[in-house]
Amino acid sequence: MRARATGMPSFAQPSSRTLTGIRAVAFVAALLPLLRLVALGRADALGANPVEFVTRSTGTWTLVMLCVTLSVTPLRQLLGWPWLLRLRRMFGLYAFFYAALHFTAWVWFDQWFDPASMIADVVDRPFVTVGFTAFVLMLPLAATSTRAMMRRLGRHWQELHRLVYAVAVLAVLHFWWHKAGKNDLAEPMIYAAVVAALLGFRALRQLVRRTPADASARQAPLERE
């Protein structure tokens with residue numbers, strides 16, 4: 001009410017124009033890591049090992065976008081900003097986009113499109129196994145991200161897209177095992193804590209929602225007696 005009286009926009013219910021601006025800013029911000037990579041590549045400033053730099057950067061931004069996607073629901077519920085849901089699909093697709101770049105870097109620069117070498121790498125190295133599994137699980141999520149697929153799948157769409165929880169866990173595990181080989185777990189621990197907090201928030205919300213229903217179910221037989 002105060003925002004309306006002073007003519008200031010309300011973050012709880014932004015205007016269509018304001019929301020379009022927010023989406024545009026978020027879109028550009030999520031694209032900046034790729035633009036940075038391109039700029040560094042053109043300037044020949046990717047370091048002594050450009051392949052590792054590109055692979056590490058795209059993997060890191062995949063994790064960042066997954067965390068941002070998972071944070072939309074808690075922020076919407078805590079802040080009371082329902083419009084945040086309109087950004088979730090974009091962030092999710094950006095997570096897949098950077099994952100695809102990360103996967104392409106592995107296929108191209110690390111494996112040189114050799115199927116036998118790729119299969120051996122997936123089988124022999126656990127961190128590659130879980131990373132590959134996470135990427136495969138992201139494929140149906142990206143393929144069913146359109147409004148048409150949401151309508152076609154109905155309630156099954158939400159069930160399918162809960163796979164993002166498994167994807168986030170596998171992505172953290174992929175990063176953790178990769179860094180463990182280098183005795184550098186500081187960064188993976190941060191992402192593990194963030195993902196644990198975001199998934200823990202959801203689990204707690206579900207527990208709180210079920211508790212009153214369970215209490216009512218226990219009291220119902222007593223009332224009938």
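Just so it is clear, none of the values below were taken in a lab; they were calculated from the coordinates. Everything quoted here is computed from the prediction, not taken from an experiment. All Cβ positions, even for glycine, are placed from backbone atoms using ideal geometry, and neighbour counts span all protein chains on display.
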Open item on the list: What are the ³J(HN,Hα) couplings of region 65-76, residue after residue, when phi is run through the Karplus curve with 6.51, -1.76, 1.60 and θ = phi - 60°? Round to Hz, x for glycine and proline.
Closed with: 5, 5, 5, 5, 4, 5, 7, 4, 5, x, 5, 4
- [ ] Rank Thr146, Thr58, Thr129 by mean-square fluctuation in a GNM of the chain with C-alpha springs under 10 angstrom and give only the top-ranked residue.
- [x] Thr146
TODO: Considering only Ala166, Ala26, Ala203, give the residue with the highest GNM mean-square fluctuation for the chain, with springs between Cα atoms whenever their separation is below 10 Å.
DONE: Ala203
Open item on the list: Using each residue's phi in region 157-168, evaluate 6.51 cos²θ - 1.76 cosθ + 1.60 at θ = phi - 60° and report the 3J(HN,Hα) Karplus result to the nearest Hz, with x for Gly and Pro.
Closed with: 4, 5, 4, 5, 6, 6, 4, 4, 5, 5, 4, 4
Task: Principal-axis tilt of helix 186-224 within the chain, Cα atoms, nearest 10 degrees - done: 30 degrees
TODO: Any chance you could check the Cα centroid distance between region 90-106 and region 136-194 for me, in angstrom?
DONE: 11 Å
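Starting from the Kirkwood Rh over alpha-carbon pairs, what translational D in µm² s⁻¹ does the chain have by Stokes-Einstein at 25 °C and 0.890 mPa s?
In µm²/s, the coefficient is 121.
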Open item on the list: Can you give the FRET efficiency to the nearest 0.05 for Leu31 and Asp121, using r as the Cβ-Cβ distance and R₀ = 30 Å?
Closed with: 0.50
Open item on the list: Apply the Karplus curve 6.51 cos²θ - 1.76 cosθ + 1.60, θ = phi - 60°, to the phi angles in region 110-122 and return the couplings in whole Hz, x for Gly and Pro.
Closed with: 8, 10, 6, 6, 9, x, 5, 5, 5, 4, 5, 5, 5
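Hey, what did the chain get for relative contact order, percent, Cα under 8 Å, at least 6 apart?
Working: 159 pairs, mean separation 38.9, N = 225.
Once normalised by length, the contact order is 17 percent.
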TODO: In nm, give the distance between the simple-model label positions of Ile190 and Tyr165, each being 7 Å from the Cα along the Cα-to-Cβ direction.
DONE: 2.6 nm
Task: Simple spin-label estimate for Thr60 and Lys179 in nanometres, 7 Å along Cα-Cβ - done: 1.0 nm
Task: In degrees, nearest ten, helix 16-42 long axis to first principal axis of the chain (Cα) - done: 20 degrees
Open item on the list: Helix 126-143 against the longest principal axis of the chain: what's the angle in degrees, Cα atoms only, rounded to the nearest 10?
Closed with: 60 degrees
